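Below: the structure, in structure tokens.
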Amino acid sequence: MSQVTLLPERIGRIFVDALRDWSATAALVRYALAHIVALRHPVVARVLYRQIYFTGIEALRAISLIALLTGIVIIVETVSLVGHQPAILGQIMLWVVVRELGPLLTGIVIIARSSSAAAAELATMKIRGEMNSLRVMGIDPMDILIVPRIVGMTLSVVAVTFYFQLTAILGGFAATSIWYGVPLRQGLQGVIDLMTVTEILASLTKALAFGIMIAATSCSFGLRAKGTVTAVPQAATGAVMRGIITLFLLDGVITYLFFV
């Protein structure tokens, strides 16, 4: 059978697999929302705090560097094209950083360091039988392992996204103030004057949607691991790849809903 004949079958299989993955991810989100009261338990709360620390606080060093360089590059390139025009600089920073790069780059960093780690950890626990051990002790592994991870990663992505945007904007305009003599306050005022409720809501929606998707995707791939330890890197890789694809799909959909 020719490769051309097999192509539609392969595309269909990829599409069906993606739908199955997204369905499993949505089921985990529904479960987390329905059992969010489990966070009241001290043990579950400790898992939540550890997840926030790992996903949010420990990511700040990398996020700070990326955000600072992003803001500087955008400002320098814009100034080289249009000159020192605060209104245009503010508009570019708003469109590029707040609308797009802030949520996207934050999501990619979190996927690279936290999604893969969560998927690998859950896959290891499942292969070693630790989840079955929790059930034997009368503990629901979904409540203690999945709910705090989804909530913790989601909150972390939202917080880190706004930190990225603030760092990129401040770093970019600080660079123009140092190199080109443009007052820092003047540049920031250009962004503030153009900021609208729609911009804020769009950014918040992206950060929230990205956080939920990244967390649920990593948990979904971790839970489906079967067989030997070779399934652990497969779960981590699958979570990263599916997360990045879904990230860009969600970004396009949300941008269309808010701005088109």
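For the reader, a short list of remarks on this structure follows.
- Residue in the stretch 226-243 that is surrounded by 13 or more Cβ atoms within 10 Å (Cβ to Cβ), farther than 23 Å from residue 147 by Cβ and modelled with pLDDT of 90 or more present: yes
- Residue that is free of Cβ contacts under 8 Å to residues at least 12 places away in the same chain and surrounded by 16 or more Cβ atoms within 10 Å (Cβ to Cβ), where the choices are 209, 174: 174
- Filter result for residue 160 (farther than 22 Å from residue 77 by Cβ and either surrounded by fewer than 17 Cβ atoms within 10 Å (Cβ to Cβ) or touching a Pro at 6+ places or on another chain (Cβ under 7 Å) (or both)): no
- Cβ-Cβ distances below 6 Å connect no pair with a first residue in the stretch 126-148 that is under 22 Å from residue 25 (Cα atoms), a second residue that is among the acidic types (Asp, Glu) and not in a helix (DSSP H, G or I), and a separation of six or more residues or different chains.
- Meets criteria (among the small types (Gly, Ala, Ser) and farther than 23 Å from residue 82 by Cα) for residue 168: no
- For the stretch 65-72, the count of residues that are at pLDDT below 85, under 28 Å from residue 112 (Cα atoms) and hydroxyl-bearing (Ser, Thr, Tyr) is zero.
- Residues that are among the small types (Gly, Ala, Ser) and within 20 Å of the chain's Cα centre (by Cα) within the stretch 179-209 comprise 202, 203, 207, 209, listed in sequence order.
- The one condition in (1) over 30 Å from residue 31 (Cβ atoms); (2) within 20 Å of the chain's Cα centre (by Cα) that residue 176 fails to fulfil: (2)
The values are calculated or read from the model by the stated rules, or taken from the named source; none is laboratory data. Since we're looking at a predicted model, the values are computed, not measured. Neighbour counts are summed over all protein chains in view; Cβ atoms, including those assigned to glycine, are modelled from backbone coordinates with ideal geometry.
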